[in-house]
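These notes concern the structure reproduced below.
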Amino acid sequence: MADFPYALEPALQQHLARVIDAEGKIPRALEALGPLAGRDVVLVDGAAGIRARQIQAAGARLVVLALDAGRPDSPLRDLEREGASVRAGTAHGTGLEPATADVLVACWSSFRGPDPDELREAARVLRPGGRLLVVHDYGRDDVSALRDETLPEYVSWGRRNGPFLAGGFRIRVVHAWWTFDSLEEGRGLLHEAFGARGDALAERMRRPRLSYNVAVYHRTLNGPA
């Protein structure tokens, strides 16, 4: 789920991709914390390619890891035609040679905790001073009402004694938006994509946008940056 933390049918996924972070704050944060331009970047779980294209647009040489990389109908085939290298792999087992990447980016589906095995694999793949960037929802926003508000990413991960900050990561919180063309569009999409939870949030909407906070946990591995 490198695009966003919701499993939706393709049409709804594309619609949601248009409204989430239309200002591009998330990719700008990744570039600032990487950086990405001119560097070898690995994206874990490329999903439909939205996040991958943003990283490519930043000027990175990109490798996308995904479980369905070899499937003929995978949307990732388009990324290959656009110049990315798409391979089968996960954060636990990238299948990449040691010290082949400058930055590893994981969004929502990996490094949930974070996992020690995933950290060891990241350290193996990254070059000295390599950067690990992990994106998760942060909460304290409108959008968190669409998910279980007791999820650890909303409650404990951003705390000083949580697994990220206590484990050597730093945090940057990105204050983004879901921006709709109209209230009607927003309420319709929330209903179609999220059912009763979406309807409850739609009833509270007074303007065509929703606040959305994302945390980028970042850490340098294998020595100083």
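The values are calculated or read from the model by the stated rules, or taken from the named source; none is laboratory data. These numbers come from a predicted model, not from an experiment. Cβ coordinates were reconstructed from backbone atoms using ideal geometry, including for glycine residues, and neighbour counts include every protein chain displayed.
State all residues of region 121-155 that are outside any strand (DSSP E or B) and closer than 15 Å to Thr90 by Cα; if no residue qualifies, say none.
Glu121, Ala122, Ala123, Arg124, Val125
Just the residues that are modelled with pLDDT of 95 or more and hydroxyl-bearing (Ser, Thr, Tyr), please, taken from region 133-155.
Across region 133-155, the qualifying residues are Tyr138, Ser144, Tyr154.
What is the number of the single condition among (1) more than 20 Å from Glu153 (Cβ to Cβ); (2) modelled with pLDDT of 90 or more; (3) among the small types (Gly, Ala, Ser); (4) crowded, with 22+ Cβ neighbours inside 10 Å that Ala84 does not meet?
(2)
Quick one: Val63 ticks every box in (1) touching a residue at least 24 places away in the same chain (Cβ under 8 Å); (2) in contact with a strand residue (DSSP E or B) (Cβ under 8 Å, 6 or more places away or on another chain); (3) surrounded by fewer than 20 Cβ atoms within 10 Å (Cβ to Cβ); (4) of a type outside the set (D, E, K, R) except a single one, so which number is it?
Checking Val63 against (1) touching a residue at least 24 places away in the same chain (Cβ under 8 Å); (2) in contact with a strand residue (DSSP E or B) (Cβ under 8 Å, 6 or more places away or on another chain); (3) surrounded by fewer than 20 Cβ atoms within 10 Å (Cβ to Cβ); (4) of a type outside the set (D, E, K, R), the one that fails is (3).
Hey, does region 176-195 have a residue that's assigned to a strand (DSSP E or B), at pLDDT 95 or above and either closer than 25 Å to Leu104 by Cβ or of a type in the set (Ser, Thr, Tyr) (or both)?
Yes: region 176-195 contains one or more residues that are assigned to a strand (DSSP E or B), at pLDDT 95 or above and either closer than 25 Å to Leu104 by Cβ or of a type in the set (Ser, Thr, Tyr) (or both).
Give region 35-47 a look and list any residue that's surrounded by fewer than 21 Cβ atoms within 10 Å (Cβ to Cβ) and either among the hydrophobic types (A, V, I, L, M, F, W, C) or within 20 Å of Val174 (Cα to Cα) (or both), or say none.
Within region 35-47, Pro35, Ala37 meet the criteria.
Among the numbered criteria (1) at pLDDT below 95; (2) more than 27 Å from Gly59 (Cβ to Cβ); (3) touching a strand residue (DSSP E or B) at 6+ places or on another chain (Cβ under 6 Å), which one does Asp115 miss?
(3)
Out of all the residues in region 94-143, which are among the small types (Gly, Ala, Ser), surrounded by fewer than 20 Cβ atoms within 10 Å (Cβ to Cβ) and farther than 21 Å from Gln54 by Cα?
If the condition is that a residue be among the small types (Gly, Ala, Ser), surrounded by fewer than 20 Cβ atoms within 10 Å (Cβ to Cβ) and farther than 21 Å from Gln54 by Cα, then Gly95, Ala99, Gly113, Ala123, Gly129 are the ones that fit.
Is there a residue being more than 18 Å from Ala32 (Cβ to Cβ), in contact with a Gly (Cβ under 8 Å, 6 or more places away or on another chain) and without any contact (Cβ under 8 Å) to a residue 40 or more places away in the chain anywhere in region 211-222?
No, every residue in region 211-222 fails to be more than 18 Å from Ala32 (Cβ to Cβ), in contact with a Gly (Cβ under 8 Å, 6 or more places away or on another chain) and without any contact (Cβ under 8 Å) to a residue 40 or more places away in the chain.
In this structure, is Gly162 touching a Pro at 6+ places or on another chain (Cβ under 9 Å), closer than 22 Å to Leu43 by Cβ and either outside any loop (DSSP other than H, G, I, E, B) or not β-branched (Val, Ile, Thr) (or both)?
No, not satisfied.
Yes or no: Phe164 more than 21 Å from Gln13 (Cα to Cα) and crowded, with 18+ Cβ neighbours inside 10 Å?
Taking the combined requirement at face value, the residue satisfies it.
Of the residues Ala2, Ala29, only one is modelled with pLDDT of 95 or more and buried (at least 19 other Cβ atoms within 10 Å of the Cβ); which?
The match here is Ala29.
Asp3 passes all but one of (1) under 18 Å from the mean Cα position of the chain (by Cα); (2) within 20 Å of Val125 (Cα to Cα); (3) among the acidic types (Asp, Glu); which number fails?
(2)
May I ask you to list the residues in region 138-193 that are of a type in the set (Lys, Arg) and out of contact with any strand residue (DSSP E or B) (no Cβ under 7 Å at 6 or more places or on another chain)?
Of everything in region 138-193, those that are of a type in the set (Lys, Arg) and out of contact with any strand residue (DSSP E or B) (no Cβ under 7 Å at 6 or more places or on another chain) turn out to be Arg147, Arg159, Arg160, Arg187.
For region 186-204, which residues satisfy the criterion of being free of Cβ contacts under 8 Å to residues at least 24 places away in the same chain and surrounded by 13 or more Cβ atoms within 10 Å (Cβ to Cβ)?
Answer for region 186-204, where residues must be free of Cβ contacts under 8 Å to residues at least 24 places away in the same chain and surrounded by 13 or more Cβ atoms within 10 Å (Cβ to Cβ): Arg187, Gly188, His191, Ala202.
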